[in-house]
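What follows is a set of notes on a single structure, which appears directly below.
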Amino acid sequence: MGNAIMSVVSFFPSKSCQRYLLGGDIEDLPPDKMMDLSGKHLRKFPLQVCAFTELIKLYLSNNNLRNLPPELHLLSCLQILALDFNHFKEVPLVICRLPQLSCLYLGNNYLCDLPAELSSLAELKTLWIEGNCFEQVPRVVSELKQLRILHAECNQLSELPSELWRLRELQNIWISSNSFCEFPHVLLEIDSLEIIDVDRNSIRFFPSMVHMKNLKLVIYDRNPCKSGPMVGEDVRRVGRWADFRPEATDELVPGKLSEQVDGDEHIETTENNELNEDPGSVRE
């Protein structure tokens, strides 16, 4: 009943309705400089928030927002901004005027592109664009020199931009549940990568990743591949044939490999269910 009332009240932009949705007036800066307005059924950004210029974390997830006011740029200390599960069709350009922003959550909106101005976010290290309408990763992503974590799951991606090799700090890339028919070869050129997630795609063949010295984890389950990717000895794999690492002689004898594949056809490692969430993929 409470949610139904809040949904009705959210249609009315009056100050009294805003106070009801927010649970009262926002008067003081929280001691941890973090403000969580998630799930408040907001259709309009509460301007009084912009008065707290020392705010570091602002969570606006799971609302009904479609735009943000130009006054948001007053939050020049903001490092984390969560706008996931809203109704954005375009990224508000005012976001690109937040010089300290390091984590930006844009997942589960209606985005199909990112503005070129996003490249001005020189400190951006984590970008979530999962659950949108992207058919390709916007090229501006390749200009985010400090980017370490990219979440782009559940889109309509079939390839990655060749310029992505410029991201020499990129450690984790999550591109499961997309439309890749081939493994994105540009990833083989990014030496800094530690985690690659291509689960739930249509990849039939994996190139060797043995040369990727920093690689720690490859998630490739639920692809129609006939064997797992070749990786270094200490690299963990999640998918069928995860425990099978062909010897050099096996690669030259197709019969030996097919015997192993046939015998392990239905094996799925317990890692599928026990995989711990990467610390970098958890909200700060």
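The values are calculated or read from the model by the stated rules, or taken from the named source; none is laboratory data. Remember, it's a predicted structure, so these values are computed and weren't measured experimentally. FYI the Cβ positions are ideal-geometry reconstructions off the backbone, even for glycines, and counts take in every protein chain you see. Note: areas computed on protein heavy atoms with side chains; ligands, DNA, RNA excluded. Shrake-Rupley method; radii C 1.70, N 1.55, O 1.52, S 1.80 Å.
Observations on the structure shown:
- Here is the list for the range 180-247: chymotrypsin sites (Phe, Trp or Tyr not before Pro) lying in DSSP coil, each with at most 13 other C-beta atoms within 10 angstrom of its C-beta, are 205.
- For the range 147-195, the solvent-accessible area works out to 39 Å² per residue, with a probe of 1.4 Å and every protein chain left in place.
- Cα-based convex hull volume of the range 115-175 per residue, rounded to whole Å³: 70
- Surface/4 of the Cα convex hull for the range 106-254, nm²: 8.4
- FRET efficiency for residue 159 and residue 28, using Cβ-Cβ distance with R0 set to 35 Å, rounded to 0.05: 0.10
- Over 25 Å between alpha carbons, listed pairs 33/89; 40/145; 57/89; 145/226; 33/125: 33/89; 40/145; 145/226
- Heavy-atom accessible area per residue - the range 39-117, 1.4 Å, Å²: 42
- Sequence ranges 158-164, 82-88, 28-34, ranked by mean other-Cβ count within 10 angstrom, highest first: 82-88, 158-164, 28-34
- Label sites at residue 123 and residue 71, each approximated as a point 7 angstrom past Cα along Cα to Cβ, lie 2.3 nm apart.
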